[in-house]
Structures are given as C-alpha cells and as structure tokens.
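First the structure, in the form of structure tokens, and then the observations on it.
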Amino acid sequence: MNHKRVAILISGGGSNMVELVKSMHGDHPARAVLVLANSADAGGLKRARAMGIATDFVDHRPFKGDRAAFEARLCDVLQQSAPDILCLAGFMRILTPEFIAKWQGRMLNIHPSLLPKYRGLNTHKRALEAGDSEHGCTVHEVTGALDDGPVLGQARLRVRAGDTPDTLSARVLKLEHQLYPAVLKRFAAGDKTPALLP
Ligand code: GAR
C-alpha cells in the first residue's frame with residue numbers, strides 16, 4: 001500500500017500526537033514520518049523518539065515575531081520528510097495565511113471545544129462560564145481564520161455539576177484521543193464527511 005505520509009506538529013506534551021502515531025499501523029492508510037515542535041523542550045519530542053518516529057524542532061523565539069522567516073524554516077524541515085498531511089496537535093503558534101494556503105486541504109487541527117463555539121484559548125473555562133450543558137472537541141481542516149475551517153469530526157460530553165476547567169479538560173482530552181485518530185484515518189482514505197463521536 002502507498003501510505004500517506006503524516007507530519008505532526010506539537011508544542012507541548014503531545015498526548016494527541018502519541019495517539020495519532022499509535023493509530024497508524026496495519027491497514028491504516030497513513031504513517032507518521034515526522035514529529036516537529038516549535039521548541040526543543042516540547043515533551044512530546046521525547047515520546048515520539050521513544051516510538052521510533054523522526055523528530056525535529058524549529059525554535060520560534062530567535063525569529064522574534066518574524067512569522068514568515070520562522071515558517072520558511074518550518075517548510076525547509078517539513079520538505080525533507082515530504083509529508084502529504086500535516087496534523088496540528090496542540091501546536092500553539094499562529095500560522096500565516098501564506099503557510100496555510102500552501103497546505104490547504106492537507107492540514108488538520110484539533111481544538112478543545114465544539115466549534116464554532118470558543119475559538120482561541122481557555123475553552124473549558126468559557127464553556128463553564130456560559131453554563132453549557134455539553135462540551136467537547138473538534139477536528140477541522142485549517143483555513144485562514146483561527147480555529148475555523150470545515151469540521152471533519154466532533155465528540156461531545158455532558159458537563160457535570162461540580163466540573164472545573166481541569167476536570168472538563170481531562171475528560172475532553174480523552175475524547176480528543178479517540179476523535180483525532182478516527183478522523184485522520186478517514187481523511188487519509190479520502191473521506192472528508194464529518195465523523196460524530198460517540
Ligand atoms: C489539546 O487539548 C488540544 O486540543 C489543544 O492543546 C492540547 C494539546 O495537548 N489545542 C489547542 O488548544 C489549539 N487551539 P497534547 O499536547 O497533550 O496533545
């Protein structure tokens with residue numbers, strides 16, 4: 001089988017990245033070829049190496065806000081592994097329209113809310129403050145607007161009395177670990193119809 005090549009971009013611990021990597025085996029139409037971080041300190045790099053996946057990093061800090069220069073370096077590194085699909089998995093840098101255009105239709109992101117609700121940060125706190133009875137996560141194609149683009153899948157849960165941003169975040173993260181691999185498998189096989197979990 002001619003597997004789709006997947007690069008996963010992370011900034012932190014990379015728990016979604018680990019689940020994506022673990023899912024890509026057997027008859028899965030894709031394989032992880034690179035885990036790329038924007039800091040050498042991203043905890044996920046070590047976890048990726050332990051799973052035998054190539055890793056690299058491009059530290060954004062020396063670029064001092066020059067996003068185009070930072071992304072030019074990212075593209076250089078990405079090109080070396082020739083990915084077909086980019087998965088943003090807790091990658092906390094805002095990307096320029098030029099970078100997004102280059103990868104449009106081939107770049108996915110996971111976001112911890114039921115988009116279009118709560119783009120940006122502090123999604124769990126905002127869902128609680130709004131008194132929402134349900135909350136969840138979304139995988140979407142990345143387009144020019146922050147945390148926007150066609151929805152490829154959502155997973156939802158009921159907010160419980162006594163939930164805090166931390167308890168909610170932990171339960172949503174478990175859902176993310178189911179949703180992202182499920183969506184990636186469909187996407188890599190050419191299926192862009194939204195997956196709804198559970
Ligand atoms: C995840 O909850 C992901 O949805 C969120 O960052 C976390 C990364 O966790 N992403 C965003 O907020 C993007 N807007 P991980 O490093 O353990 O996968």
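The values are calculated or read from the model by the stated rules, or taken from the named source; none is laboratory data. Because the structure is predicted, anything quoted here is derived from the model rather than measured. Here the Cβ is made from the backbone with ideal geometry for all residues, glycine too, and neighbour counts use every protein chain on show. Note: areas computed on protein heavy atoms with side chains; ligands, DNA, RNA excluded. Shrake-Rupley method; radii C 1.70, N 1.55, O 1.52, S 1.80 Å.
Spherically averaged projected area of the convex hull of Cα atoms, the chain: 10.9 nm².
So if we plug the beta-carbon distance of ASP59 and LYS192 into 1/(1 + (r/R0)^6) with R0 = 25 Å, what FRET efficiency do we get, rounded to 0.05? Can you show the working numbers first?
Values: r = 34 Å, r/R0 = 1.34.
In this case the efficiency is close to 0.15.
Rounded to the nearest whole Hz, the Karplus-based 3J(HN,Hα) values (6.51 cos²θ - 1.76 cosθ + 1.60, θ = phi - 60°) of segment 114-128 follow the sequence 8, 4, x, 6, 6, 5, x, 9, 6, 5, 5, 4, 5, 5, 5, with x at glycine and proline. Per residue, the chain exposes an accessible area of 48 Å² to a 1.4 Å probe, with every protein chain left in place.
Convex hull volume of the C-alpha atoms in segment 148-198, normalised per residue: 80 Å³.
Couplings 3J(HN,Hα) of segment 83-100, computed from phi: x, 8, 9, 10, 10, 7, 9, x, 8, 9, 10, 7, 9, 6, x, 5, 4, 5 Hz, in residue order, whole Hz [Karplus 6.51 cos²θ - 1.76 cosθ + 1.60, θ = phi - 60°; x for Gly and Pro]. For segment 137-143, putting each phi into the Karplus relation 6.51 cos²θ - 1.76 cosθ + 1.60 with θ = phi - 60° gives couplings of 9, 9, 10, 9, 6, 8, 10 Hz, in residue order, rounded to whole numbers and with x for Gly and Pro. Counted over the chain, the DSSP beta bridges are approximately 35% antiparallel.
The trypsin sites (Lys or Arg not before Pro) of segment 15-74 that DSSP puts in a loop, and whose beta carbon has at most 13 other beta carbons within 10 Å, are LYS64.
In the structure shown, the pairs LYS4/LYS192; LYS102/LYS185; LYS4/LYS64; LYS22/LYS174; LYS22/LYS64; LYS102/LYS174 are assessed against 26 Å; a Cα-Cα span above that value is assigned to LYS4/LYS64; LYS22/LYS64; LYS102/LYS174. Within segment 112-198, the percentage of alpha carbon pairs spaced more than 14 angstrom apart rounds to 60%.
Between CYS75, ILE100, CYS87, the Cα set farthest toward the positive side of the dipole of segment 64-198 (charges on each charged residue's Cβ, about the Cα centre) is that of CYS87.
Amide H contacts under 5 Å for GLY14: GLY44, restricted to partners 5 or more places along the chain or on a different chain, H placed in the peptide plane at 1.01 Å from N.
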